[in-house]
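Right, one structure below, let's go through it.
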Amino acid sequence: MKKVLIFGVCLLAMASCEQKQSKADFAAMQRVDSLSQIIAQKDNEINDMMSTFSEIEDGFRAISEAQNRVAVAKSGEGANSKQRIMENIQFIQSTMQQNKELINKLKQQLRESSVKSDALRKLVESMTQQLEEKDQQLQDLRAQLDEKEVKIMDLDEKVANLNTDVKELTAETNQRAETISAQDKQLNTAWFVFGTKSELKEQQILVDGKVLQSSFNKEYFTKIDIRVDKEIKLYSSSAKILTTHPASAYTLQRDANKQYVLRITDPQLFWSTSKYLVVLVK
């Protein structure tokens, strides 16, 4: 009997140890998951910042190349030379503005990031200084060009006029697109109605056995897009199409509830004879 008691105590002790070990393992797994999430977050933040760094470096590289092109063009003469200088200065201005916005974005990323790095902070400071140097170089270039009677005011005016022309062209293009879209929508719009004989008569849709011959109530119809709406449930066990539509362009079949469903198999052909569909149901 004593051996049985001792054995039972041993089993309880083992179970208690296993339970403690299980809790410890679970806690360890939670710590690993938490660390993994922190690492993943830091990786994402670093990747985002490095992507921004890369964009800024590309911008500085493009600015340097444009400055070299200006230096070459300055040695030339004539309208073509001046035009190339103007175009490159405009490119430098826009690229510097883009780099300025990217650097501000990078500063914001550093402020909000959980990654605290002096190296990254110093790199941002270096890029900021580089941007200021490029800005000073651009101002010096403007002064040199003024001396050679390349009027930057003329450039600004041309750019302003160009922007105005682009805006007007864009507005005109958008207006044309809206007009085309509206026309396209109108071409692909149709109307349908189904109802009993008394309902159709009440709306002047059916008069003396004739369909759509008088001033009928158009508000009673449902508007559809023929490119999208190709199936019309009629919710009736009796249905007859009163308007004229090619028989090969549709099927009229019963569903599981023995109620008719109109399926339009060839929309363009079906609606070619009439954009109004009238179905008599009971």
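The number of residues in region 87-126 being open to solvent by less than 60 Å² (accessible area, probe 1.4 Å) and outside any helix (DSSP H, G or I) comes to 4. Take the conditions (1) more than 22 Å from residue 282 (Cβ to Cβ); (2) touching a Ser or Thr at 6+ places or on another chain (Cβ under 9 Å); (3) of a type outside the set (Val, Ile, Thr); residue 215 misses just one of them, which is (2). Restricted to region 160-277, the set of strands (runs of 3 or more DSSP E) holding at least 3 residues that are under 30 Å from the mean Cα position of the chain (by Cα), loosely packed, with under 13 Cβ neighbours inside 10 Å and at pLDDT below 90 is empty.
The values are calculated or read from the model by the stated rules, or taken from the named source; none is laboratory data. Just so you know, these numbers come straight off a predicted model, no measurement behind them. Positions of Cβ are generated from backbone atoms using ideal geometry, with glycine treated the same way; all protein chains shown enter the neighbour counts. All accessible areas refer to the heavy atoms of the entire protein, side chains included, with ligands and DNA or RNA removed. Shrake-Rupley method; radii C 1.70, N 1.55, O 1.52, S 1.80 Å.
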